[in-house]
1. Hey, which of the helices (runs of 4 or more DSSP H) in the range 116-221, taking only ones fully inside, have at least 3 residues that are over 19 Å from G33 (Cβ atoms) and free of Cβ contacts under 8 Å to residues at least 24 places away in the same chain?
2. When residues of the range 42-55 are filtered for being touching a residue at least 40 places away in the same chain (Cβ under 8 Å) and among the aliphatic types (A, V, I, L, M), how many remain?
3. Among residues belonging to the range 123-166 that are among the hydroxyl-bearing types (S, T, Y) and surrounded by fewer than 17 Cβ atoms within 10 Å (Cβ to Cβ), point out the one that is nearest to E59 (Cα to Cα).
4. Quick check, is T28 in a helix (DSSP H, G or I) and modelled with pLDDT under 75?
5. When the residues of the range 30-41 are narrowed to those that are surrounded by fewer than 18 Cβ atoms within 10 Å (Cβ to Cβ) and touching a residue at least 12 places away in the same chain (Cβ under 8 Å), which ends up nearest to S153 (Cα to Cα)?
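The values are calculated or read from the model by the stated rules, or taken from the named source; none is laboratory data. A quick note: this is a predicted structure, and the numbers were derived from the prediction, not measured. Note that we place each Cβ from the backbone using ideal geometry, even for glycine, and neighbour counts take in every protein chain shown.
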Amino acid sequence: MDKIKQLVITFLMLIVYCYLTPKNGSITTLYGGIPVGGNLYFFLLNYFLFAIFSFFIFESTQKYINGYGIFQLVRHQSRKKIFQLLFSELIKYILIIESLKIFCYLLLNFIQRKQLPMYHLDVLVLFFGTIFCMIVFLLIQMLLEAKYSSKISLLYTQVIYILILFGSDICLKYFPNSVINYLFLNNYMMMRHYTLLNTSFLVNTLIVTLLFVLLTSTLYLTGKHIFEEKDIL
């Protein structure tokens, strides 16, 4: 699908998401997430947001391992550079979508409430936590797409995301003081989970950054290996 059309569809989907998101005068509501103990409405809303990101990068890897990929391989003479180009595009797409999400929320909040939402420091953790989380999950989707196919990668990624959502909810509900709660990256993109971690802004920032670096480095090295082994020509 043409990226312009895809961007327009994504923008409309974000409008729907932000319209369905409750608005109480605080921008943290945008990052509310799922209440611990489960809530079908917020679960579907959270999954819908992930589906928007997942839809936008669907089949983006295919162009680098089929006809366009052959052109890039001839041009750059390096499979590693192809993967680096793909990785940089992924980050660009995520930043665009997240920026559009905030813009849509501010716009609808202003139209419906006639005011801009309030802001406080923890939103920074939630903002970067969302970006970090999406980079990790969508990088998994891209690597699966390179290894298998776009449809299989889409299916597997949705299943992984849903299982982690349930896993983090169960751990926070039944083991609220367990250190394992700090290892779920998605807890740093949902205010309702984030506030239960009972640590300071600085500690949360450090943990989410370390988690992101560790997971992304592992996936990045795995991706380079997959592209080196991939039969493109």
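1. Hits in the range 116-221: 150-174.
2. Summing the residues that are touching a residue at least 40 places away in the same chain (Cβ under 8 Å) and among the aliphatic types (A, V, I, L, M) in the range 42-55 gives 3.
3. Taking the range 123-166 first, the residues among the hydroxyl-bearing types (S, T, Y) are 130, 148-150, 153, 156-157, 161.
Next, from what is left, pick out any that are surrounded by fewer than 17 Cβ atoms within 10 Å (Cβ to Cβ): 148-149, 156.
Working: Y148: 12, S149: 9, Y156: 14 Å.
The extreme case among them is S149.
4. When the stated conditions are applied, T28 passes them.
5. Result: G38.
Yes or no, residue by residue, for (1) modelled with pLDDT under 90; (2) out of contact with any Pro (no Cβ under 8 Å at 6 or more places or on another chain); (3) exposed (fewer than 11 other Cβ atoms within 10 Å of the Cβ):
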{"position": "L183", "(1), (2), (3)": "yes, yes, no"}
{"position": "M191", "(1), (2), (3)": "yes, yes, no"}
{"position": "L202", "(1), (2), (3)": "yes, yes, yes"}
{"position": "L211", "(1), (2), (3)": "no, yes, no"}
